[in-house]
Structure formats: structure tokens, C-alpha cells
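Following: one structure in C-alpha cells, then a few remarks.
Here, each number is a calculation from the coordinates, and none is a lab measurement. The structure displayed is predicted, hence computed values, not measured ones. Cβ coordinates were reconstructed from backbone atoms using ideal geometry, including for glycine residues, and neighbour counts include every protein chain displayed.
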Amino acid sequence: MSPDPVPLSVTGAALFSGAVLTGPDIADTYRVDRSGYEPSGTPELVVIAADVDDVRRAVTYAAEQGLSVVVRGAGTGLAGGASAGRGALVLDVSALRRILEISPVDELAVVQAGVSAATLDAEAAKHGLRYAPDPASVAISTIGGNIATNAGGLRCVKYGVTRDAVLGLSVVLADGTLVQTGRRTAKGVAGLDLTGLFTGSEGTLGVIVEAVVRLQPIPIDTVTIAAYFDDVDQAAAAAAGVLAARVRPAMLELLDAASLREAQDLLGVRGHAAGSFLVAQTDGFGSRAEADLIVDVLRQFTSRIEVGGDPDAASQLLAVRRAALPALERHGRALIEDIAVPRSRIADAVRRISAIAVEFDSRIYTFGHAGDGNLHPIIVVSDGDFAARARAESAADEIFAAALELGGTITGEHGVGVLKRKWLEREQGADALRVQHAIRRALDPAGIFNPGKAY
């Protein structure tokens, strides 16, 4: 990348149909994403793409001018992947928000990268369908960003992560070529799985501009079960018991005692005082039978169980889980970490996190997806407390180390971005990393896409 800022010429600005921002017109929001990572300097320009041709022109222009390309949708990333500093062209694809097709018969949709999952859900619901991935940022994050990070969410335990819902992609490569990957059929094995390769690539291999995604029928019935426990060990054992009973709930979520208190306080509800909270949801034709079985399992660990069989009751029970992060963000900067461990090690992981909080004198709250072992230790730091920030970063390093020691991973759904890059080789090994670097060089020889990110 060029070490000196490259001014956008009048001719360059005229290349694009969409808006072009330079200099003082570039808002600070284009520098950072939700992770709070602060890159060095300010991007050289922002191209707000009006169409796919704008994307192709922006990539070609960046290569000619020696600029890097950082793709941005809603900026809700949590690992610094959408952060952009000096020498970068920020390619904003949030205006590409057309739903091009919904096929009720084939149960799929064709959408542009800037469409939110919530918007797609609302349109698909008119046909009795829904988009199964359910990240916490579903109302604001874009499907392009979800695909780039292979986002997860509350329904992963039954329906899988974003990759499981993506059938095909349209991607702009480093030379400006628009390539189509995947298929529209329910299955297909022709060629290498390029769709899977680009999904989760964090903007390092190309720019996702369009996707063919799988839709699911809206469940005929849904039941939500909430349970309160004396401690997290009981809750983790109960979650393991549910899965051992060969039930696959659509959701199985856990909150520790501190997260539960904060969520209840935010909502103004007088819930149970407990050492841990578990909420499960079953759906489909067998939802009532599955819910009964889950309740039977939970009764082996606690008598404090609530069941909601209608939408309003279900929403009230789920509200506590969804309120956890907003509740914590009231108290300062929330460093939202993301580890996953084998489900049998959830209780061990929570205990390790609690010990790390004491060791580094940090406020750490833990909640997450018990159904797949994906935990979110949230480290809250008061604004302007730089000593606390330093302790929090050290605590985060210890959390990643603990995840690996327990047989887990440094990220279950948020991606590597900038913040976890130094940990990737420790998890995957040098040989696996060399393979990834070779793929990256093959698709982006000049290294213009998101340099210094992911791997």
C-alpha cells in the first residue's frame, strides 16, 4: 500500500454513480466498527456504491491508486474487521439493499449485500417463510456482513450458522471481475465450494454484492422455557442433559448471575434471583412434545421453571436474554468477546472466566449459546479508564488461552478481524495458516482487500 495519502482526482470522483466522500466529509464512523478498535489515521475516501458497477469500479480504482479496500455494511462487526485508516478506500455497500427475488416454491431469496436479515424476514414472512440465522444484531446488521463473518446467533443450535443458509454468491474480485458461485438448487457438488470459501473470509478475498440464501418455513408452533438455577454448574449440566436427551431446541441460551441481574434491571422486571439462567425454545410440529421433554430434564436440576406457549409469553421470556448486552452497555465500553468450547466444558469455561475477572480486577459478565458452547464474556470498562482498559485486554488474552486449553476456539461467530489475529496461528498451526495465505495471494496478489485483518 502507498505510504502517502492519494488525493481523489475529479476524474476519479466522476467514475462513480454513488456518493464519494473525502477529507473532512469522512465521518469518524467510517474508521471504526462496533468493536471500538482504533486504526491509525483516516481513510483517503469513501465510496458509497449505488450499484454493483460502482463496486467494480471502486476496486479497480483502488488497485490503480495503491489503496487498500475495506468493505463496510452497517459497521456492526465486533473484531475490527471493518475498521479503516490511512491509505484505505472504504467501500460502503449499505445502499445495495434490494430484495431481488423470493421464491416460495424453491424456498430461497436473492438479495443484495446491504439487506438486513430483519428486512428479509419481514418479506419472507408474507410467504410463510423466514431466514433462519438470527444474530443479535439482526435488526441492523447486513446480510453481506453476516456472510463475510459467517455470523451465528440464537438459533444456531438447530439451524446452523450463516454458511448453512447460503446457497450462492456474487463476488467482485481484486481485478474487478464479477464471479458467480454456488447454485439455486437444494443440493449440488459441482466444483470446489467457492461459496463456502468466501463465506467467513472477512472481506479478504472479494466483495460480496449479492447472495442466494435458503429460507425455512415459519414453524407451525413455538414453545419457550425459562429456568433459574443456583449456579452456572447446574445450568450447564441441565443444558447438557437437554442435548443428551436427543432434543434439538431451536435455542438454548445461558446467562450468568451478574448478566441476569443487569438484564432484569434494564427491563424493570422482578424475576427470580438466581445464580444462572437458561432459556430454551422448541419449534415445529413436535414443539410441545419436545418442550415437555426439556421440562422433565430441567426438573432434575431446578423447580424454578416457566413455560410460554404463545408469542407474547415467549417474547417476555426471551426478552431477558436479548436485554443482556444493552444492559451492560449502560455502564461503559463493552468489550464483546466470543469463544466457543465443547459443550461438556461450558461450566469449566465460565469458572475460568470468573477467576480471570478476579485476577485482572475486571468486570466480566458471561452469557451465550449453551446449545453450541459459544460464550460471550463481556468485559465492561468505564469510559476514559485507560488502566482498566489495559487490564481488560490482558484478561481477554487469558480468556482466549483458556478457550484453547479447554479444546475450544478463539471465535465462535464474530470472526478474527484485527483483535484476534495474533491468536490464529496458536489455534490452527503454521501449516494451516500458510494454506490460507496462499489462497489469499492467489485471489488478491496485490493484497488490496482488508490488509492486516483475519489471517
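Over all distinct Cα pairs, what is the inverse of the mean 1/r for segment 331-427, reported as the Kirkwood hydrodynamic radius in Å?
One over the average 1/r among Cα pairs gives 13.3 Å for segment 331-427.
What is the sum of charges around Leu406, taking Lys and Arg as +1, Asp and Glu as -1, for the other residues whose C-beta is under 9 Å from the C-beta of Leu406?
Numbers: positive: Arg345, Arg352; negative: Asp348, Glu405.
Residues near Leu406 contribute 0 overall.
What is the magnitude of the charge dipole of segment 1-160 about its Cα centre, with +1 placed on the Cβ of each Lys and Arg, -1 on the Cβ of each Asp and Glu, and no other charges, expressed in debye to the nearest 20? It would help to have the intermediate numbers written out before the result.
Details: 12 positive and 17 negative charges, 72 e Å.
Its charge dipole is roughly 340 debye.
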I'd like the distance separating the alpha-carbon centroids of segment 377-454 and segment 162-184, in whole Å. 25
Alpha carbon centre of segment 190-212 versus segment 235-277: separation in Å? 35
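Could you tell me which of rounded, prolate or oblate describes segment 262-302, using a ≥ b ≥ c as the square roots of the eigenvalues of the alpha-carbon gyration tensor, with rounded for a/c under 1.5 and, failing that, prolate when a/b is larger than b/c and oblate otherwise? All intermediate terms of the calculation are to be shown ahead of the outcome.
Numbers: a/c = 3.86, a/b = 1.77, b/c = 2.18.
Oblate shape, in that a/c is at least 1.5 and b/c is the bigger or equal ratio.
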Dividing the helical contributions, -39500 (n - 2.57) per DSSP H run of n ≥ 4, by the residues of the chain yields a 222 nm value, nearest 500 deg cm²/dmol, of -10000 deg cm²/dmol
Using a cut-off of 14 Å between beta-carbons, work out the net charge of the residues near Leu215 (Lys and Arg +1, Asp and Glu -1, Leu215 not included). -2
Extent along principal axes [Cα atoms of segment 99-217; Å; largest to smallest]: 39, 28, 26
Have a look at Val172, Ala27, Met251 and report the one farthest towards the positive end of the charge dipole of the chain, computed about the Cα centre with Cβ charges (Lys/Arg +1, Asp/Glu -1). Val172
Ser344 paired with Arg304, simple spin-label distance in nm, labels 7 Å along Cα-to-beta-carbon: 2.9
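Rounded to the nearest whole Å³, what is the per residue volume of the convex hull around the Cα atoms of segment 10-92? Write down the numbers at each step before the final one.
Working: hull volume 6.8 nm³, N = 83.
So the per-residue hull volume is 82 Å³.
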Could you tell me the center-to-center distance, by alpha carbons, between segment 333-355 and segment 289-303 in angstrom? 25
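Indicate the gyration tensor shape class of segment 222-325 (rounded, prolate or oblate), computed on the Cα atoms with a ≥ b ≥ c the square roots of the eigenvalues: a/c under 1.5 is rounded; otherwise a/b larger than b/c is prolate and the rest oblate.
It is oblate, given that a/c is not under 1.5 and a/b is not larger than b/c.
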Checking rank on 120-126, 32-38, with mean other Cβ inside 10 Å and highest first, the result is 32-38, 120-126
Taking a crude spin-label model, label points 7 Å out from Cα along the C-beta direction, the Gln316 to Ala432 distance in nm is 4.6
Where a label projected 7 Å from the Cα of Asp231 along Cα→Cβ would reach, residues of segment 351-365 with amide N under 17 Å: 351-358
Relative to the present Cα-Cα distance, how much length would full extension add between Lys187 and Asp397 at 0.36 nm per residue of separation? 71.5 nm
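Ranked highest first by average number of other Cβ atoms within 10 Å, how do 215-227, 160-172 line up? Intermediate results must be reported in sequence, preceding the final value.
Numbers: 215-227: 19.8, 160-172: 21.8.
Top to bottom by mean Cβ count within 10 Å: 160-172, 215-227.
Using the 2.2 N^0.38 Å rule of thumb for compact globular proteins, work out how the chain stacks up: its C-alpha Rg over that value, please.
Details: Rg = 22.3 Å, N = 455, 2.2 N^0.38 = 22.5 Å.
Compactness ratio reported: 0.99.
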Would you mind getting me the FRET efficiency between Arg441 and Ala19? Use the beta-carbon distance for r and R0 = 35 Å, nearest 0.05. 0.60
Which distance in nm do the two modelled labels at Asp175 and His127 give, with both placed 7 Å along the Cα-to-Cβ direction? 3.6
